[in-house]
Amino acid sequence: MTAVSLGVPALPPRPIAERRPSRRIDVGPVAVGGGAPVSVQSMTTTRTSDIGATLQQIAELTASGCQIVRVACPTQDDADALSTIARKSQIPVIADIHFQPKYVFAAIEAGCAAVRVNPGNIKQFDDKVKEIARAAKEHGTPIRIGVNAGSLDRRLLQKYGRATPEALVESALWEASLFEEHGFRDIKISVKHNDPVVMIEAYRQLAARCDYPLHLGVTEAGPAFQGTVKSAVAFGALLSEGIGDTIRVSLSAPPAEEVKVGIQILESLNLRQRRLEIVSCPSCGRAQVDVYKLADEVTAGLDGMEVPLRVAVMGCVVNGPGEAREADLGVASGNGKGQIFVKGEVIKTVPESKIVETLIEEAMKIAAQMEQDGVGAGEPAVTVS
């Protein structure tokens, strides 16, 4: 009888859906749309005019996995800083422009990888489109048309009564059409709302009516917990339909936390290769060890691991052995001890006090072997139960 492998499948799981066909633009070296991988964005919280602090935060975001960063440009001092920031940043910089059209031209001249404009709050923006299109085309600078529920054009608010999905989409497509009249199509569009239901419907309508790449975001999503849930729900719904080319998780939290959440959402949907994944159970009356403590300690001990590793930390005999066998590395705990599994096989039994250090030790061995074998970052995962 042929033995059945219970380890991680040789091939990574398939993505959740086929991607929506879209035009491709290049935000610096990062391809967006046209089948390119979904990119994770964030935004600095520093004053852009403080060049040192802004570059330091961009470096921190880069280290956390951010691929594109947006910086605010509300003043002339901020505009003057863009050239240095764009040149020294490790990742593409998008200038975020509101109210003053002159800063759009400043950002383009400064060499920013793209410019985000909010047509709803830039005075006489439509009258400047021809000039902006010409300048952007000459410099090869894409434009993101970023429509927000909170700053929707007054004309559309009067027409629809509030920021409905239809109002958001009409605003975005109207502005895109103005650029199209001047032969400019290096455009990305976002239609953000703080209500995930409205936001999802807006993007569905937009996706059906254009082929521009789309930037997903739930604007003003809230504090870390609430914002994470709202963003995960909205992005999950849209990405499961193939809609979305870049994402930004908007949290009332440090920007690096936005990036971590965004990456995790993409990994969970198999839209990005997985790295270390911890799978753990919620615990119950069957558990014979402190699962919460084990999960936290294993997670902390393996923090920063880049190889695709699945580790299972299980707390009872019902699901424990099965989950542990299906992971790269796992433990099935009970009666003051734990069985350690590597690739589906029990390699040793250790006292409960030695579970964490043994898992970390074995994880390092597996990671070293993966790196030696040339296994890339991000396919399997760690399970804690």
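Throughout, read-outs are computed from the coordinates displayed, never taken from laboratory work. These figures come from a predicted structure and were not determined experimentally. Positions of Cβ are generated from backbone atoms using ideal geometry, with glycine treated the same way; all protein chains shown enter the neighbour counts.
Each listed q (0.20 Å⁻¹) maps to a log10 I(q)/I(0) for region 21-92 from the Debye sum over equal C-alpha point scatterers, namely -0.81. Determine, at each q value in 0.11, 0.15 (inverse angstroms), the log₁₀ of I(q)/I(0) that the Debye formula gives when each Cα of region 231-302 is one equal point scatterer. Per q value, in the given order, log10 I(q)/I(0) is -0.39, -0.67. Using just its DSSP H runs of length 4 or more, each adding -39500 (n - 2.57), the chain gives a mean residue ellipticity at 222 nm of -12500 deg cm²/dmol after division by all residues. Stretched out straight at 0.36 nm per residue, the stretch from Gln90 to Ser177 would grow longer than its current Cα-Cα span by 28.0 nm. The mean sequence distance of close C-alpha pairs (under 8 Å, at least 6 residues apart), as a share of the length of the chain, puts its relative contact order at 15 percent.
The alpha-carbon atoms of region 166-305 define a convex hull whose volume equals 140 cubic angstrom per residue. Note on Glu371 and Leu157: their simple-model spin labels are 5.5 nm apart, each label 7 Å out from Cα toward Cβ. Each Lys and Arg Cβ is given +1 and each Asp and Glu Cβ -1; about its Cα centre, the chain then shows a dipole of about 680 debye.
Within the straight-line cut-off of under 26 Å between alpha carbons, the lysines reachable from Lys337 are Lys293, Lys348, Lys354, Lys365, sequence neighbours fewer than 8 places apart in one chain being disregarded. For the residue pairs Lys88/Lys192; Lys102/Lys188; Lys88/Lys230, the C-alpha atoms sit more than 23 angstrom apart in Lys88/Lys192; Lys88/Lys230. Excluding Ala133 itself, calculate the net charge of residues whose Cβ lies under 10 Å from the Cβ of Ala133, where each Lys or Arg counts +1 and each Asp or Glu counts -1. That works out to 0. The mean sequence separation of alpha-carbon pairs under 8 Å and at least six residues apart, normalised by the residue count of region 177-323, gives a relative contact order of 17 percent. Ordering Asn148, Gln100, Val233 by Cα displacement along the dipole of region 87-236 toward the positive end leaves Gln100 in first place; charges were set at the Cβ atoms of Lys, Arg (+1) and Asp, Glu (-1). With a/c under 1.5 counting as rounded, go ahead and sort region 72-173 into rounded, prolate or oblate using the C-alpha gyration tensor (a ≥ b ≥ c being the square roots of the eigenvalues; past the cut-off, prolate if a/b is larger than b/c, else oblate). Note, shape of region 72-173 comes out prolate. In region 130-246, Rg over Rh equals 0.99, where Rg is the alpha-carbon radius of gyration and Rh the Kirkwood radius from pairwise Cα distances.
Cα centroid separation, region 125-152 to region 70-118: 13 Å. Across q = 0.06, 0.15 Å⁻¹, the chain modelled as identical point scatterers on its alpha-carbon atoms has Debye log10 I(q)/I(0) values of -0.28, -1.23, in the order of the q list. Estimated from the Cβ-Cβ distance and a Förster radius of 35 angstrom, the FRET efficiency linking Arg209 and Thr75 is about 0.45.
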